[in-house]
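Take a look at the structure set out below.
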Amino acid sequence: MMHQWQFLCENRELLLHRMGHTPRAFVKTFGCQGNVADSEKIMGMLINMGCEQAEDEKQADIILYNTCAIRENAEIRLFSMVGELKRLKQANPSILIGLCGCMMQQDEVVRQIRKSYPFVELIFGTHVLHTMPELLNRILRGERRVVNCYEGEGRENRIAEHLPIQRGQGVQASLQIMYGCDNFCSYCIVPYVRGREVSREPEEIIREAKEIIAMGYKEILLLGQNVNSYGKGLEHPINFAQLLHQIEQLEGDFRIRFMTSHPKDCTRELIDLIAQSKKICHNIHLPVQSGSDRVLGQMNRRYTREHYLSLIRYAKEKMPDVTFTTDIIVGFPGETYEDFLQTLSLCQEVRYQCMFTFIFSPRPGTRAAQMPDPVPYKEKTKWLNELIAAQHKISEEDNRAMEGKVLSVLTEHPAQDREGWMVGRCENGMIIKFPAKDVRAGSFVKVKVTRGLRSEYEGELA
Ligand code: SF4
């Protein structure tokens, strides 16, 4: 990073020269919280190069799209959005257009961009994000186009610490504790584009957590593709529960969430810690993906339905107020209606607070993309609708059952649809709206639930 700071300083002058005024930068983020965290680092570096944050593409001198590779058709959407930028470039040739993120780790996508979008000057992958000042410097010094998507042959993850971060304005700050993934679920592109799993040193995480608390953020969201396996490979191994314990010991008025957990690595030690903690929210995102052991095997998830349910039962026994959210893939290749019914029954047993449901979409390069997939999309849509209807019923019943309960709420912002109302997030993860004229965003308050709707509560200050 010392090396990069030199470019960062040089770029201030060069950008001013190229633009003729204080440059404005716009970073558009696609995909998950990990990408949001990366964009905060990109913007942090740009601010340190003298840029101001632009509201949108039209106001910007530097436009960067931080891409996501998870969903099918994402390339088509990206290509069409990048195509739109051509007009901006024609109107003002000094603007600088760049692409980064997971999709730039895919050779075919990069080849297509190089061939068809000559006005994209900067292309870089996730592994070299920290070298952005240097890559930008090469463009500002006259190179027509700079492409750097891999760091070395092995695409191994290395962690660049001490990058400047331009955090969002809300009450929550994200904190990346690890990068990459070793799990190779058969449908998932992440291990190919993000590389092998690597954990940050706990001292660095604690340093950043202290910074976040000192800046006044009230919620820390710990991020990683599989936070439950945090610590493997460190010189002095430490597990996720031990790291969480160190963070919750920090002084200050804040709470902690984390994502994403993998059921195969979720331990009882972790559940015990959450149950005892006053700062870790009793709200766990635990993606199950399927309720059928046969499908779980095909997905290479490496746990069984029974193992998953035993974790849920244990957590509910230790924390009667715990809530779960999940991800479900419907219509995995070879999944039958009987398999699907097992997913449905698992969901009815767990009673998720909410679920993120997807119809299977093949990602080229993954094992699942090669599997025979005989069930028509229309049929899968019917299954999905059945699942969503069941979930709506559960949400309505469970949220109504919360009426009269008093919950700890972190206020987030004034409600846009109701004058004098505030929007907050309950410890259990639900959004709650309530009248509160004199309460500031970022306060912890007690709120009584007066109405449990399908996807949020209404309440009153208790
Ligand atoms: S755990 Fe599985 S689904 Fe999650 S990122 Fe890793 S490979 Fe993908």
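Observations
- All positions within region 284-300 that are open to solvent by less than 10 Å² (accessible area, probe 1.4 Å) and either part of a loop (DSSP other than H, G, I, E, B) or among the hydroxyl-bearing types (Ser, Thr, Tyr) (or both): Leu286, Pro287, Val288, Ser290, Gly291, Ser292
- Residue-level analysis places Val445 among those that are in contact with a Ser or Thr (Cβ under 8 Å, 6 or more places away or on another chain) and open to solvent by less than 50 Å² (accessible area, probe 1.4 Å).
- Per the listing Gly365, Gly420, the residue uniquely under 28 Å from Leu286 (Cβ atoms) and either out of contact with any Cys (no Cβ under 8 Å at 6 or more places or on another chain) or without any contact (Cβ under 8 Å) to a residue 60 or more places away in the chain (or both) is Gly365.
- The residues of region 320-352 that are part of a helix (DSSP H, G or I) and among the charged types (D, E, K, R), listed by number, are Glu338, Asp339, Glu349.
- Checklist (1) touching a residue at least 40 places away in the same chain (Cβ under 8 Å); (2) in a helix (DSSP H, G or I); (3) surrounded by 14 or more Cβ atoms within 10 Å (Cβ to Cβ) applied to His3, failing item: (3)
- Restricting Glu458, Glu419 to residues that are modelled with pLDDT under 95, over 30 Å from Thr343 (Cα atoms) and open to solvent by 10 Å² or more (accessible area, probe 1.4 Å) narrows the list to Glu419.
Residue-wise test of (1) open to solvent by 10 Å² or more (accessible area, probe 1.4 Å); (2) at pLDDT below 95; (3) of a type in the set (S, T, N, Q).
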position: Leu78; (1), (2), (3): no, yes, no
position: Ile95; (1), (2), (3): no, no, no
position: Cys102; (1), (2), (3): yes, yes, no
position: Gln105; (1), (2), (3): no, yes, yes
position: Glu108; (1), (2), (3): yes, yes, no
position: Pro133; (1), (2), (3): no, no, no
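- Qualifying residue in region 22-34 (condition: modelled with pLDDT of 95 or more, buried (at least 16 other Cβ atoms within 10 Å of the Cβ), basic (Lys, Arg) and within 18 Å of His162 (Cβ to Cβ)): no
- Test: Gly152 is on the phi > 0 side of the Ramachandran plot, modelled with pLDDT of 90 or more and not basic (Lys, Arg): no
The values are calculated or read from the model by the stated rules, or taken from the named source; none is laboratory data. Small disclaimer: the values here were computed from a predicted structure and weren't measured. Here Cβ is always computed from backbone atoms with ideal geometry, including for glycine, and neighbour counts include all displayed protein chains. All accessible areas refer to the heavy atoms of the entire protein, side chains included, with ligands and DNA or RNA removed. Shrake-Rupley method; radii C 1.70, N 1.55, O 1.52, S 1.80 Å.
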